[in-house]
């Protein structure tokens, strides 16, 4: 509209009231003055003001201030009303951008069964050892649609879904708040205003135990990366390099890295793993642990898993009696099911489900540490 005024397309602006023209006193005066210089007047019907009159600006200054204060008052009343609803446990959720739920005629959240299957898959995939980046790529490749109807997924959104308490039927209210009633700017609530946690506020898609197991698994991976100085544990191309970030030096505790020894003879090309600290400083050997052929790592997993199957009867007694946290209980049930039969070859999905890390010691000795509980494992050599 201002642009049309500058182009001479508008001679007069008629608006119902000052509050509809601008809710900020400074903006109101600036636009009125700008339009006045262009010879364009503004008529405010409610206040009976014409800005081209000599007394117009004085009245506008006073009334615009009142309009701004009225806007602040309305905003505070709305905020008060919303917080009262939060205190009473009434949940307000934008279900249109919330995968897994719809709203019924009474405005209550109801489960969208088709979308709920996607949520359940994401949680199961994560506990099966897949990272958020890999989960996102697999959903895209399969053409699975997100809340917006597009087969586009992001690592960050998958992570938020895994941490969203609403999927277990609870609701944490007022995670964000309005900073300025004029700009409507919102910010993350870090304790500036009260937060409210409502249990069983709506139907759950994910069982509480599974949700808690995912939170513990996220923390376990974070602790693992910090402990061994690994920048990233979530990789998409796991078929080509499943051991990345999971082979640890038994001498110095640093991660192993993969190297390819090339040769003009294809049969002599080798993929080996060696400690990243071995040649950390040029010309100096920082770790004396030797390299190990990649094929040995494949064999170590197969042998280690089969050894666990051989000892299954004794181990099942321990797993069946597990009374630890949610992740430990989940792992125990998983291991009871997964160890019924031996394997003949390396299985990448099984590897990610059961292995925490592989420790390589001097002399080529490899210890496979299987995941069992939070930060614990069943060690088989």
Length added when fully stretched, residue 12-residue 156, from 0.36 nm per residue minus Cα-Cα: 46.9 nm
Alpha-carbon radius of gyration plus Dmax, which is the widest Cα pair, for segment 237-380 in Å: 17.0, 57
C-alpha center-to-center spacing [segment 211-241, segment 259-331] in angstrom: 16 Å
Three principal axis lengths of segment 103-170 [C-alpha, angstrom, descending]: 38, 24, 18
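Quick one: compute the contact order of segment 237-380, relative version, from alpha carbon pairs under 8 angstrom and 6+ residues apart, as a percent. Could the numbers behind the result be given before it?
Values: 212 pairs, mean separation 33.3, N = 144.
Across segment 237-380, relative contact order equals 23 percent.
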Extension reserve of the residue 350-residue 195 stretch, reckoned as 0.36 nm per residue once the Cα distance is removed: 51.7 nm
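None of the figures in this text is laboratory data; all of them are computed from the coordinates on show. Since we're looking at a predicted model, the values are computed, not measured.
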